[in-house]
Amino acid sequence: MKYEDFFTTEQVADLKARGTSGSLRPADVAGRDWKRVAADIRVEFDKKTPPTSPRMQELARRWRGLIDEITGGDEGIRRGLVAIYRAEPGVTSEFFGPVVDDAVLKYIGKAVAALP
C-alpha cells in the first residue's frame, strides 16, 4: 500500500511533519487507546446499544477525538483514512484488532453522525 494512492502530496507531508514534530503521541500509546475504544464499541455493538445512546455518544466523541488527533482536523485526510480501510480490509483488523469489522465501522459511523 502506498499512501500516495490515498492522500495528496501535501497531506502526506502534513502527516509526516506532525509525526516527526512530536505533535502526535507515540504509536504504541495511541494504538492502545484505539484498541481500547474499539473494544468498548464492540461491547455496545454486541449489546445492540442504539448509536444515539449516551454511552455510544461518549464513545463516538472518543473515536472522533482520536481521528482528529491523526488528521489534524483535515477532512481530506479523514476521507483518505476511510478509503484505506475500504481498499485494504486487513488494515482495519491490524489497527483495531479483531473486534472491528465493517458492521462495527458502520455502527460507529452512525454514532459519530449523531453527535451534536
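Here are the numbers for this structure:
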{"read-out": "Cross-link table Lys35/Lys110; Lys2/Lys48; Lys2/Lys106; Lys47/Lys106, entries beyond 27 Å C-alpha to C-alpha", "value": "Lys2/Lys48"}
{"read-out": "Separation of the Lys2 and Phe95 label points, Cα + 7 Å toward Cβ, nm", "value": "2.0"}
{"read-out": "Given charges at Cβ of Lys, Arg, Asp, Glu: the stretch 28-113 dipole, positive-most of Leu105, Gly76, Ala87", "value": "Leu105"}
{"read-out": "Cβ-based exposure ranking for Tyr85, Tyr3, in which fewest neighbours within 10 Å come first", "value": "Tyr3, Tyr85"}
{"read-out": "Largest-first principal axis extents, alpha carbons of the stretch 28-113, Å", "value": "30, 25, 24"}
{"read-out": "Where Rh is the Kirkwood radius over Cα pairs, Rg/Rh for the stretch 66-116", "value": "0.96"}
{"read-out": "For the stretch 9-116: relative contact order, % (alpha-carbon pairs under 8 angstrom, 6 or more apart)", "value": "38"}
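All of the numbers you see were taken from the coordinates with simple rules; none came from a lab. Quick caveat, the model's predicted, so the values are computed rather than measured. Virtual Cβ from ideal backbone geometry, glycine too; neighbours counted across all protein chains shown.
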